[in-house]
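The values are calculated or read from the model by the stated rules, or taken from the named source; none is laboratory data. Bear in mind that the values here come from a model prediction, so they are computed numbers and not experimental data. Every residue, glycine as well, gets a Cβ built from its backbone with ideal geometry; the counts of neighbours run over all protein chains shown. Ligands, DNA and RNA are excluded from the accessible area calculation, which covers all protein heavy atoms including side chains. Shrake-Rupley method; radii C 1.70, N 1.55, O 1.52, S 1.80 Å.
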Amino acid sequence: MVIATGGPSIPKLGATGFAYDLARRFGLKVVEPRPALVPLTLPQEEALFHSLAGVATPVVARAGEASFAEAALFTHRGLSGPAILQISSYWRHGQPITVDFLPGRQGWLVAAKRARPRATLRSVLGDLLPDRLAEALAERIALPGALDEKRDAVLTEVEQHLADWIFRPNGTEGFAKAEVTVGGISTDGLSSKTMEARKVSGLYAIGEAVDVTGWLGGYNFQWAWASGWAAGQAL
(Lines give C-alpha, C1' and ligand atoms only; values in the text may rest on other atoms or scores of the structure.)
Protein backbone atom coordinates (compact mmCIF):
# COMPACT_ATOMS: atom_id res chain seq x y z
CA MET A 1 0.00 0.00 0.00
CA VAL A 2 1.31 3.43 -0.98
CA ILE A 3 0.15 6.50 0.95
CA ALA A 4 -0.02 9.14 -1.78
CA THR A 5 -2.92 11.33 -0.66
CA GLY A 6 -0.86 14.48 -0.06
CA GLY A 7 -1.11 16.97 2.79
CA PRO A 8 -3.79 19.43 3.92
CA SER A 9 -2.75 22.41 1.75
CA ILE A 10 -5.56 23.94 -0.37
CA PRO A 11 -8.51 22.00 1.07
CA LYS A 12 -10.90 23.35 -1.58
CA LEU A 13 -9.17 20.93 -3.97
CA GLY A 14 -10.00 18.04 -1.64
CA ALA A 15 -6.81 18.02 0.42
CA THR A 16 -7.11 16.54 3.93
CA GLY A 17 -4.96 15.10 6.69
CA PHE A 18 -6.01 11.54 5.78
CA ALA A 19 -2.40 10.50 5.09
CA TYR A 20 -1.40 11.41 8.64
CA ASP A 21 -4.35 9.59 10.22
CA LEU A 22 -3.50 6.47 8.23
CA ALA A 23 0.20 6.70 9.06
CA ARG A 24 -0.52 6.98 12.79
CA ARG A 25 -2.70 3.86 12.65
CA PHE A 26 0.38 1.97 11.48
CA GLY A 27 2.56 3.53 14.16
CA LEU A 28 4.47 5.94 11.92
CA LYS A 29 5.67 9.21 13.41
CA VAL A 30 4.05 12.36 12.03
CA VAL A 31 5.85 15.71 12.31
CA GLU A 32 3.36 18.46 13.19
CA PRO A 33 2.12 19.92 9.88
CA ARG A 34 1.97 23.66 9.24
CA PRO A 35 1.32 25.82 6.17
CA ALA A 36 4.33 26.64 3.96
CA LEU A 37 4.92 28.73 0.85
CA VAL A 38 2.09 30.82 2.25
CA PRO A 39 1.40 34.58 2.65
CA LEU A 40 2.05 36.08 6.09
CA THR A 41 -0.45 38.28 7.90
CA LEU A 42 0.37 41.48 9.78
CA PRO A 43 -1.26 42.82 12.97
CA GLN A 44 -3.40 45.95 13.08
CA GLU A 45 -0.51 48.12 14.28
CA GLU A 46 1.04 47.60 10.84
CA ALA A 47 -2.09 49.11 9.26
CA LEU A 48 0.02 51.61 7.31
CA PHE A 49 1.29 48.75 5.17
CA HIS A 50 -2.18 47.27 4.62
CA SER A 51 -2.89 50.31 2.45
CA LEU A 52 -0.13 49.20 0.05
CA ALA A 53 -2.08 46.20 -1.29
CA GLY A 54 -0.85 45.41 -4.80
CA VAL A 55 2.58 47.08 -4.43
CA ALA A 56 5.54 44.81 -5.18
CA THR A 57 9.30 45.40 -5.04
CA PRO A 58 12.54 43.34 -5.03
CA VAL A 59 13.78 42.69 -1.48
CA VAL A 60 15.85 40.34 0.62
CA ALA A 61 13.62 38.69 3.23
CA ARG A 62 15.10 36.91 6.25
CA ALA A 63 13.84 34.62 9.01
CA GLY A 64 16.49 33.19 11.29
CA GLU A 65 19.37 31.93 9.14
CA ALA A 66 17.27 31.72 5.95
CA SER A 67 17.16 34.55 3.39
CA PHE A 68 15.68 34.95 -0.09
CA ALA A 69 16.31 37.68 -2.65
CA GLU A 70 13.10 37.92 -4.67
CA ALA A 71 10.03 40.12 -4.94
CA ALA A 72 7.75 40.91 -2.00
CA LEU A 73 4.11 41.85 -2.48
CA PHE A 74 1.95 43.78 -0.03
CA THR A 75 -1.60 42.49 0.37
CA HIS A 76 -4.65 43.77 2.24
CA ARG A 77 -3.82 41.25 4.99
CA GLY A 78 -0.03 41.39 5.07
CA LEU A 79 2.88 40.18 2.94
CA SER A 80 3.18 37.81 -0.01
CA GLY A 81 5.23 37.45 -3.18
CA PRO A 82 8.02 34.93 -3.87
CA ALA A 83 10.42 36.21 -1.18
CA ILE A 84 7.75 36.01 1.52
CA LEU A 85 6.36 32.66 0.37
CA GLN A 86 9.88 31.23 0.49
CA ILE A 87 10.64 32.62 3.94
CA SER A 88 7.31 31.38 5.31
CA SER A 89 8.62 27.80 5.17
CA TYR A 90 11.22 28.79 7.78
CA TRP A 91 9.16 31.25 9.83
CA ARG A 92 7.66 30.14 13.14
CA HIS A 93 4.85 31.88 14.98
CA GLY A 94 6.11 34.73 17.18
CA GLN A 95 9.33 35.12 15.21
CA PRO A 96 10.06 38.42 13.42
CA ILE A 97 11.18 38.64 9.82
CA THR A 98 13.42 41.34 8.39
CA VAL A 99 13.23 42.90 4.96
CA ASP A 100 15.96 44.76 3.09
CA PHE A 101 14.07 47.17 0.86
CA LEU A 102 17.17 48.28 -1.04
CA PRO A 103 19.37 45.19 -1.36
CA GLY A 104 22.91 45.69 -2.59
CA ARG A 105 22.95 49.41 -1.83
CA GLN A 106 25.33 50.93 0.70
CA GLY A 107 25.90 54.59 1.48
CA TRP A 108 23.15 55.56 -0.96
CA LEU A 109 21.51 58.14 1.30
CA VAL A 110 24.75 59.86 2.25
CA ALA A 111 25.65 59.92 -1.46
CA ALA A 112 22.26 61.47 -2.23
CA LYS A 113 22.98 64.18 0.33
CA ARG A 114 26.17 65.08 -1.56
CA ALA A 115 24.49 65.03 -4.96
CA ARG A 116 21.15 66.61 -4.02
CA PRO A 117 21.57 68.40 -0.68
CA ARG A 118 18.06 69.89 -0.66
CA ALA A 119 16.35 66.61 -1.48
CA THR A 120 14.18 64.91 1.14
CA LEU A 121 14.13 61.28 2.22
CA ARG A 122 10.73 60.96 0.57
CA SER A 123 11.96 62.22 -2.80
CA VAL A 124 15.09 60.03 -2.77
CA LEU A 125 13.07 56.93 -1.86
CA GLY A 126 10.64 57.81 -4.63
CA ASP A 127 13.48 57.40 -7.13
CA LEU A 128 14.33 53.92 -5.82
CA LEU A 129 11.04 52.32 -4.79
CA PRO A 130 7.39 52.25 -5.90
CA ASP A 131 5.87 55.62 -5.03
CA ARG A 132 3.30 54.39 -2.50
CA LEU A 133 5.89 52.31 -0.70
CA ALA A 134 8.36 55.20 -0.63
CA GLU A 135 5.71 57.41 0.95
CA ALA A 136 4.77 54.82 3.57
CA LEU A 137 8.38 54.15 4.57
CA ALA A 138 9.22 57.86 4.75
CA GLU A 139 6.14 58.41 6.92
CA ARG A 140 7.25 55.67 9.32
CA ILE A 141 10.84 56.88 9.52
CA ALA A 142 9.74 60.52 10.02
CA LEU A 143 12.88 62.35 8.89
CA PRO A 144 11.61 65.85 8.00
CA GLY A 145 13.53 68.48 6.14
CA ALA A 146 16.33 68.39 3.58
CA LEU A 147 19.13 65.84 3.67
CA ASP A 148 21.84 68.47 4.15
CA GLU A 149 20.22 69.33 7.48
CA LYS A 150 21.09 65.86 8.81
CA ARG A 151 24.40 64.45 9.99
CA ASP A 152 25.85 61.57 7.97
CA ALA A 153 25.54 59.31 11.02
CA VAL A 154 21.78 59.90 11.13
CA LEU A 155 21.43 59.11 7.42
CA THR A 156 23.49 55.94 7.88
CA GLU A 157 21.07 54.86 10.62
CA VAL A 158 18.17 55.39 8.22
CA GLU A 159 19.95 53.29 5.59
CA GLN A 160 20.39 50.50 8.13
CA HIS A 161 16.74 50.72 9.18
CA LEU A 162 15.65 50.23 5.57
CA ALA A 163 18.08 47.33 5.19
CA ASP A 164 16.75 45.54 8.31
CA TRP A 165 13.11 46.55 8.48
CA ILE A 166 11.42 44.38 11.09
CA PHE A 167 7.97 42.92 10.57
CA ARG A 168 6.27 40.83 13.24
CA PRO A 169 3.70 38.66 11.46
CA ASN A 170 0.81 37.45 13.61
CA GLY A 171 0.17 34.39 11.47
CA THR A 172 -0.26 33.05 7.96
CA GLU A 173 -3.20 32.75 5.59
CA GLY A 174 -3.33 29.09 6.54
CA PHE A 175 -3.67 25.87 4.60
CA ALA A 176 -6.30 27.52 2.38
CA LYS A 177 -3.57 29.59 0.70
CA ALA A 178 -0.51 27.42 1.39
CA GLU A 179 1.08 25.87 -1.68
CA VAL A 180 2.67 23.09 0.38
CA THR A 181 2.93 21.76 3.93
CA VAL A 182 5.91 21.61 6.27
CA GLY A 183 5.66 18.45 8.35
CA GLY A 184 3.99 15.14 7.67
CA ILE A 185 5.12 11.53 7.84
CA SER A 186 8.62 11.57 9.32
CA THR A 187 11.44 10.57 6.99
CA ASP A 188 13.14 8.84 9.93
CA GLY A 189 10.69 5.98 9.59
CA LEU A 190 11.05 5.56 5.82
CA SER A 191 13.68 4.07 3.54
CA SER A 192 15.35 6.82 1.50
CA LYS A 193 15.74 4.37 -1.40
CA THR A 194 12.28 2.83 -1.61
CA MET A 195 10.05 5.05 0.61
CA GLU A 196 8.94 1.88 2.44
CA ALA A 197 8.18 2.14 6.15
CA ARG A 198 11.08 0.63 8.08
CA LYS A 199 8.84 -1.10 10.61
CA VAL A 200 5.86 -2.00 8.38
CA SER A 201 6.69 -4.19 5.42
CA GLY A 202 4.71 -3.34 2.30
CA LEU A 203 3.70 0.17 3.46
CA TYR A 204 5.07 3.14 1.50
CA ALA A 205 4.61 6.93 1.73
CA ILE A 206 5.42 9.42 -1.01
CA GLY A 207 5.07 13.04 -2.07
CA GLU A 208 3.39 15.72 0.01
CA ALA A 209 2.33 13.17 2.64
CA VAL A 210 5.98 13.01 3.74
CA ASP A 211 7.86 15.63 5.75
CA VAL A 212 9.81 16.99 2.77
CA THR A 213 9.34 20.60 1.62
CA GLY A 214 11.01 22.29 -1.34
CA TRP A 215 11.42 25.86 -2.53
CA LEU A 216 9.33 27.53 -5.17
CA GLY A 217 10.19 26.56 -8.73
CA GLY A 218 8.92 23.02 -9.16
CA TYR A 219 10.94 21.34 -6.42
CA ASN A 220 7.85 20.01 -4.67
CA PHE A 221 6.50 18.55 -7.91
CA GLN A 222 9.90 16.95 -8.49
CA TRP A 223 9.88 15.43 -5.01
CA ALA A 224 6.41 13.96 -5.60
CA TRP A 225 7.48 12.43 -8.93
CA ALA A 226 10.86 11.20 -7.66
CA SER A 227 9.52 9.63 -4.48
CA GLY A 228 6.70 8.03 -6.45
CA TRP A 229 9.21 6.63 -8.94
CA ALA A 230 11.36 5.22 -6.10
CA ALA A 231 8.37 3.45 -4.55
CA GLY A 232 7.22 2.24 -7.97
CA GLN A 233 10.59 0.70 -8.71
CA ALA A 234 10.52 -1.12 -5.38
CA LEU A 235 7.04 -2.47 -6.11
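In a residue-by-residue description of the range 163-175, the property of being open to solvent by 30 Å² or more (accessible area, probe 1.4 Å) and part of a helix (DSSP H, G or I) applies to no position. If the condition is being assigned to a helix (DSSP H, G or I), open to solvent by 10 Å² or more (accessible area, probe 1.4 Å) and touching a residue at least 12 places away in the same chain (Cβ under 8 Å), then the range 132-157 contributes Arg132, Glu135, Ala138, Glu139, Arg140, Ile141, Asp148, Asp152, Thr156.
If you go through the range 5-44 and keep only what is closer than 18 Å to Arg198 by Cβ, without any contact (Cβ under 8 Å) to a residue 40 or more places away in the chain and among the aliphatic types (A, V, I, L, M), you end up with just Leu22. Of the residues Trp165, Trp229, Trp225, the single one that is modelled with pLDDT of 95 or more, out of contact with any helix residue (DSSP H, G or I) (no Cβ under 7 Å at 6 or more places or on another chain) and closer than 30 Å to Gly126 by Cβ is Trp165. Across the range 189-216, the number of residues qualifying as in a loop (DSSP other than H, G, I, E, B), touching a helix residue (DSSP H, G or I) at 6+ places or on another chain (Cβ under 9 Å), open to solvent by less than 80 Å² (accessible area, probe 1.4 Å) and of a type outside the set (D, E, K, R) comes to 10. Can you tell me which residues in the range 187-203 are within 33 Å of the chain's Cα centre (by Cα) and farther than 13 Å from Gly27 by Cα? The answer is Thr187, Ser191, Ser192, Lys193, Thr194, Met195, Glu196.
Right, Ile3: among the aliphatic types (A, V, I, L, M) and open to solvent by 40 Å² or more (accessible area, probe 1.4 Å) or not? Here the answer is no, as Ile3 does not meet what is asked.
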